[in-house]
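The values are calculated or read from the model by the stated rules, or taken from the named source; none is laboratory data. Everything quoted here is computed from the prediction, not taken from an experiment. Quick reminder, even Gly has a Cβ in these numbers, built from the backbone with ideal geometry, and neighbours come from all protein chains shown.
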Amino acid sequence: MIKFETINELTLKITSQGGGRDYVFSKMGAFIAGESYQQKNFKFTKVLLGPEQNVGRAILGQIGRRFTGENLPLMKVEFGGDSVTYYANEAQHVVVYRLQNGERLSVESENILAFTPDCQYNIRFLAQGVISQKGLATSTLTGNGPDAYVAILVDGNPIVLDNLQSRSVLEADPDAAVCWIGSDPEIRTDLSWRNLIGQASGESYMFEWNGNRPAIVIIQPKERTSGLDLSMDGRRSGSAPTTQSSISAQQSFSDVNDILRRLR
């Protein structure tokens, strides 16, 4: 049996119990420490193609990831007995979520720290995206078993927005959106002559979930470096984040769980 939990907001703790031959997938090089009983009983293997369960799907998945930019350098961690291992990535915050059967999490590949084989990995095209390189495609993890754990990396303490009951309109910068559960967003663009002379607002493209697209969205307070520079003065059409209120990373997915629990 495998269990994911967060330690001090910055570290993922994976517990393997029951003596079975469990395994997980994690970001390559993310292991920082481990403890086994009696002798070391875990090992690491680089995943050459991908986490798909058969060779054909793995090859297609690898081609898709290369084409879309959703690269996912993974290693397989195999456990031969009871053990506890720890994982982190550049002091980023770690949030853990347990997917229900059929529940789908859409997430940027660079924000994936680890997941169990009960999470079915895939790539989906959103068939949109003009300015930001984020938004053309996204990685998805779908619950397909009782232990469908996923650990997500976030730069800073995230905020959680949802319109599941309110049916309000949610907006998020694609470079700040980490993941969402529920409907896919539309991409709204606001381009004009001002972009060409560097006088745009800095918010020229947005993810949007309207009332007909209910979702829970996790947003980090740091924007990725991406997008296309359209201005004459060399400024990007996106902008650096300003100070915003936030909650702890651990609390963010607790909020997601509370929201879903009320609706089930």
Q: Identify the residue in the range 85-109 that is touching a helix residue (DSSP H, G or I) at 6+ places or on another chain (Cβ under 9 Å) and among the charged types (D, E, K, R) and, among all such residues, is nearest to LEU74 (Cα to Cα).
A: ARG98
Q. Residues TYR86, TYR97: which one is buried (at least 23 other Cβ atoms within 10 Å of the Cβ) and at pLDDT 90 or above?
A. TYR97
Q | Those residues of the range 6-26 which are assigned to a strand (DSSP E or B) and over 20 Å from GLY80 (Cα atoms), in sequence order | A | THR6, ILE7, THR11
(Q) When you scan the range 4-23, do you find a residue that is at pLDDT below 95 and under 18 Å from the mean Cα position of the chain (by Cα), even just one? (A) yes
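Table: residues versus (1) among the acidic types (Asp, Glu); (2) surrounded by fewer than 18 Cβ atoms within 10 Å (Cβ to Cβ); (3) modelled with pLDDT of 90 or more.
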{"position": "ALA137", "(1), (2), (3)": "no, no, no"}
{"position": "VAL150", "(1), (2), (3)": "no, no, yes"}
{"position": "ILE159", "(1), (2), (3)": "no, no, yes"}
{"position": "GLY182", "(1), (2), (3)": "no, no, yes"}
{"position": "ARG194", "(1), (2), (3)": "no, yes, no"}
{"position": "ILE197", "(1), (2), (3)": "no, yes, no"}
{"position": "TRP209", "(1), (2), (3)": "no, no, yes"}
{"position": "GLY227", "(1), (2), (3)": "no, no, no"}
{"position": "LEU230", "(1), (2), (3)": "no, yes, no"}
Q) Since ARG65 meets every condition but one in (1) in contact with a Leu (Cβ under 9 Å, 6 or more places away or on another chain); (2) surrounded by 18 or more Cβ atoms within 10 Å (Cβ to Cβ); (3) modelled with pLDDT of 85 or more; (4) not in a loop (DSSP other than H, G, I, E, B), which condition does it not meet? A) (3)
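Can you find, within the range 139-148, the residue that is nearest to GLU9 (Cα to Cα) among those that are outside any strand (DSSP E or B) and modelled with pLDDT under 95? Can you show your working first?
Kept after step one, since they are outside any strand (DSSP E or B), are these residues of the range 139-148: 144-148.
From the residues that got through so far, the ones that are modelled with pLDDT under 95 too are 144-147.
Working: ASN144: 26, GLY145: 26, PRO146: 24, ASP147: 21 Å.
Residue satisfying both the conditions and the ranking: ASP147.
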Q) Of the residues in the range 39-50, how many are at pLDDT 90 or above, of a type outside the set (A, V, I, L, M, F, W, C) and crowded, with 16+ Cβ neighbours inside 10 Å? A) 1
**Q.** Within the range 27-38, considering residues that are outside any strand (DSSP E or B) and of a type outside the set (A, V, I, L, M, F, W, C), the one modelled with the highest pLDDT
**A.** GLY29
